[in-house]
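Contents: one structure, followed by commentary.
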Amino acid sequence: MATKRNAALGRRGNQQAAELKAALTPDVPLFPYAEGLTEEEKPIWLDMVNSQPVDFFTRGDVPLLKMYCRAYADVERLTNDIREEGEVITNANDNLVMNPKVTARNYAEARLMSLSTKLRMQPQSRTTIRGQEAKAGRKAAARNVAKAIEDDDLLAGGLDTPGMMQ
């Protein structure tokens with residue numbers, strides 16, 4: 001029992017140490033960079049992983065995180081291009097048309113929103129996680145109260161004490 005507790009305390013201590021290190025060195029990611037990230041995607045990765053507790057992301061999240069960084073970089077690049085070119089451009093026939101990069105940016109934004117939900121980065125996702133943690137805490141507290149009541153009944157020599165003859 002004490003071993004489990006010591007292990008849990010060690011993990012918590014390591015987590016706090018990693019978060020302190022991130023606060024002191026904000027340019028070092030708490031979670032290593034994914035292979036193949038571009039230079040414009042690395043700061044996005046850094047912001048994402050360092051904005052969460054050290055154990056928030058797992059190795060299984062790497063592909064989604066990488067896609068999120070790519071989508072975010074795409075939105076930024078396309079937005080800059082649209083600012084320079086305008087939302088309405090002249091095509092080869094001298095007609096005014098919507099810049100096709102607006103449609104591409106809309107798709108990238110939709111992809112970004114979907115990925116942020118899958119990564120539990122939306123405010124609603126965080127609320128759900130906190131709610132689940134609170135519910136688990138209430139259940140554990142209820143179990144502890146029930147156990148305490150049961151222990152009190154056993155100590156008081158209640159009628160339903162197992163193995164005791166009345």
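Coordinate-derived values only; no laboratory data. The shown structure was predicted, so the numbers you read here are calculated from the model rather than taken from an experiment.
Test of understanding: what is the full-extension gain from Asp94 to Asp55, defined as 0.36 nm times their sequence separation minus their Cα-Cα distance?
8.5 nm
Hey, what do the phi angles of the range 65-80 turn into as Karplus ³J(HN,Hα) couplings, whole Hz, using 6.51/-1.76/1.60 and θ = phi - 60°, x for Gly and Pro?
Once θ is set to phi - 60°, the couplings for the range 65-80 become 4, 5, 5, 4, 4, 5, 5, 4, 4, 4, 4, 5, 5, 5, 4, 5 Hz.
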